[in-house]
Amino acid sequence: MGEKLPIRTLLESMRLEAYVEEKLAEVKVCALCGRLGYRKLPMRRIGARYICAECLAQLKDAIENYDAWLEEVKEEEEARKSLEKRLEELTR
Ligand SMILES: [Zn+2]
């Protein structure tokens, strides 16, 4: 034994390091939710980032319902304004 074991251990750890590096290159992080997309969670590249399938579905839904959402936001804003106006009249 003597010096054989450390060299073997070194080689094995180098091999392990190369393996881990290779696997890490395959791992992608979703830019929106931060989850790792390793095989089970498909990732789509958008620009320089990756977005997971679940976030993409939410994004698609948000884009498709954008007009309705905008209406909702406007209605809420108007409701808030009229409430403020009423409160102002009451405290006058
Ligand atoms: Zn995601």
Take residue 40 and tell me if it is of a type outside the set (Val, Ile, Thr), more than 10 Å from the ligand (Cβ to nearest atom), without any contact (Cβ under 8 Å) to a residue 12 or more places away in the chain and not in a helix (DSSP H, G or I). yes
For segment 45-56, the count of residues that are of a type in the set (D, E, K, R) and more than 10 Å from the ligand (Cβ to nearest atom) equals 2
| request: Kindly establish whether residue 59 is assigned to a loop (DSSP other than H, G, I, E, B), within 14 Å of the chain's Cα centre (by Cα), surrounded by 10 or more Cβ atoms within 10 Å (Cβ to Cβ) and within 14 Å of the ligand (Cβ to nearest atom). | output: no
Inside segment 50-92, the number of residues satisfying the requirement of being of a type in the set (D, E, K, R) and in contact with a Lys or Arg (Cβ under 9 Å, 6 or more places away or on another chain) is 1
By residue number, the members of segment 25-37 that are aliphatic (A, V, I, L, M), modelled with pLDDT of 90 or more and in a loop (DSSP other than H, G, I, E, B) are 31, 32
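The values are calculated or read from the model by the stated rules, or taken from the named source; none is laboratory data. What you see is a predicted model, and the numbers here were worked out from it, not measured in a lab. We place every Cβ from the backbone using ideal geometry, glycine too, and count neighbours over all the protein chains shown.
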